[in-house]
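The values are calculated or read from the model by the stated rules, or taken from the named source; none is laboratory data. Nothing here was measured: the structure is a model prediction, and the numbers come from that model. Cβ atoms come from the backbone with ideal geometry, glycine included; neighbour counts cover every protein chain shown. Each accessible area value is taken on the protein alone, full model and side chains, heavy atoms only, with ligands, DNA and RNA left out. Shrake-Rupley method; radii C 1.70, N 1.55, O 1.52, S 1.80 Å.
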Amino acid sequence: MSDARNIRPLPKTMALIEYGDRTSALPGLLLDDFEDALGAYARIGGVPSPRRALASRHADALVIATHARDMREARYTAIAPGALVYALIACDACETSEARQALESLEDRLDRTHATLAGCALIPLAETLETRMRGPRMGHARRNVSEATDELVLALRCADEAGIIDVRPPWPRALCHLLASRRR
């Protein structure tokens, strides 16, 4: 049996937040994909999605999308204590260490607001992902990002924690490293 004191209420409101300098469309595309998936699962499940909050300080859940380089300079908005925060953090490299550092920065800021980091997708190869976002959602080029987004959507719909999702590149890491070395 579960302890009723540990059950979180389902989010009734959510805010979608895009951090960045607007030179890349990727954070907005990731949020659009998240919102589309959330709506699709709501229709399939027959349970409405949380409604959009006009201000993040009034939201039960926040979904943040950013590029790792923009996280350090992000101007954070007010976050309600106890809010669940889900993040999509992209980085240019094949490895997600830069995104992981940005995640640590986000966690530090959330600790001060008493919000809960409920899930984060660390997404590699951001510079090529923007063009791949035009392709089929479950096509080879962006399937891994879509599956990570779906995990975050499920966690939000259940007021649960998805943990840290280290998204695999769409091709083997050895090929990523080879291509990166040829660009230098």
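Could you check segment 91-102 and list, in sequence order, the residues that are open to solvent by less than 40 Å² (accessible area, probe 1.4 Å) and touching a Lys or Arg at 6+ places or on another chain (Cβ under 9 Å)? Full working, then the answer.
Initially, segment 91-102 is screened for residues open to solvent by less than 40 Å² (accessible area, probe 1.4 Å), giving 91, 94, 96, 99, 102.
Those that are open to solvent by less than 40 Å² (accessible area, probe 1.4 Å) and touching a Lys or Arg at 6+ places or on another chain (Cβ under 9 Å): CYS91, CYS94, ALA102.
Looking only at segment 127-169, count every residue that is touching a residue at least 24 places away in the same chain (Cβ under 8 Å) and either in contact with a His (Cβ under 6 Å, 6 or more places away or on another chain) or within 29 Å of PRO48 (Cβ to Cβ) (or both) and tell me the total.
So in segment 127-169, the residues touching a residue at least 24 places away in the same chain (Cβ under 8 Å) come out as 127, 129-130, 132-133, 137, 140-146, 148-169.
Going one step further and asking which of them are either in contact with a His (Cβ under 6 Å, 6 or more places away or on another chain) or within 29 Å of PRO48 (Cβ to Cβ) (or both), we end up with 133, 137, 142-146, 148-165, 167.
Going through segment 127-169 one residue at a time, the tally reaches 26.
Are there any pairs with C-beta distances below 8 angstrom linking a residue in segment 34-63 that is among the acidic types (Asp, Glu) to a residue that is open to solvent by 30 Å² or more (accessible area, probe 1.4 Å), with the two at least 6 apart or on different chains, and if so which?
GLU35/LEU16; ASP60/PRO9; ASP60/LYS12
Among the residues of segment 116-129, which ones are farther than 16 Å from ASP70 by Cα and open to solvent by 10 Å² or more (accessible area, probe 1.4 Å)?
THR116, LEU117, THR128, listed by residue number.
Here are the criteria: (1) part of a helix (DSSP H, G or I); (2) modelled with pLDDT under 90. Tell me which single one THR77 does not satisfy.
Only one criterion in (1) part of a helix (DSSP H, G or I); (2) modelled with pLDDT under 90 is unmet by THR77, namely (1).
Which condition does LEU88 not pass, out of (1) surrounded by fewer than 22 Cβ atoms within 10 Å (Cβ to Cβ); (2) touching a helix residue (DSSP H, G or I) at 6+ places or on another chain (Cβ under 6 Å); (3) at pLDDT 85 or above; (4) closer than 16 Å to ASP36 by Cα, if it passes all the others?
Among (1) surrounded by fewer than 22 Cβ atoms within 10 Å (Cβ to Cβ); (2) touching a helix residue (DSSP H, G or I) at 6+ places or on another chain (Cβ under 6 Å); (3) at pLDDT 85 or above; (4) closer than 16 Å to ASP36 by Cα, the lone unmet condition for LEU88 is (1).
Exactly one condition in (1) modelled with pLDDT of 85 or more; (2) exposed (fewer than 13 other Cβ atoms within 10 Å of the Cβ); (3) hydroxyl-bearing (Ser, Thr, Tyr) is not met by SER105; state its number.
With respect to (1) modelled with pLDDT of 85 or more; (2) exposed (fewer than 13 other Cβ atoms within 10 Å of the Cβ); (3) hydroxyl-bearing (Ser, Thr, Tyr), SER105 is out only on (2).
So which residues in segment 31-51 are open to solvent by less than 40 Å² (accessible area, probe 1.4 Å) and part of a helix (DSSP H, G or I), if there are any at all? Even if it seems obvious, please write down each step before you answer.
Let us first name the residues in segment 31-51 that are open to solvent by less than 40 Å² (accessible area, probe 1.4 Å), namely 31, 33-34, 37-40, 42, 50.
Scanning segment 31-51 gives LEU31, ASP33, PHE34, ALA37, LEU38, GLY39, ALA40, ALA42.
I'm trying to understand the selection: among the residues of segment 52-74, which are crowded, with 16+ Cβ neighbours inside 10 Å and either in a helix (DSSP H, G or I) or hydroxyl-bearing (Ser, Thr, Tyr) (or both)? Explain how you work it out, then say what you get.
Residues of segment 52-74 that are crowded, with 16+ Cβ neighbours inside 10 Å, as a first pass: 53, 56, 59-71, 74.
Result: SER56, THR66, ALA68, ARG69, ASP70, MET71.
Here's a check for you: in segment 140-163, which residue that is open to solvent by 40 Å² or more (accessible area, probe 1.4 Å) and among the basic types (Lys, Arg) is farthest from ALA37 (Cα to Cα)?
ARG143
Is one or more of the residues making up segment 108-118 closer than 23 Å to ALA25 by Cβ, under 16 Å from the mean Cα position of the chain (by Cα) and touching a residue at least 40 places away in the same chain (Cβ under 8 Å)?
Within segment 108-118, the first condition is being closer than 23 Å to ALA25 by Cβ, and the residues that meet it are none.
No, that holds for no residue.
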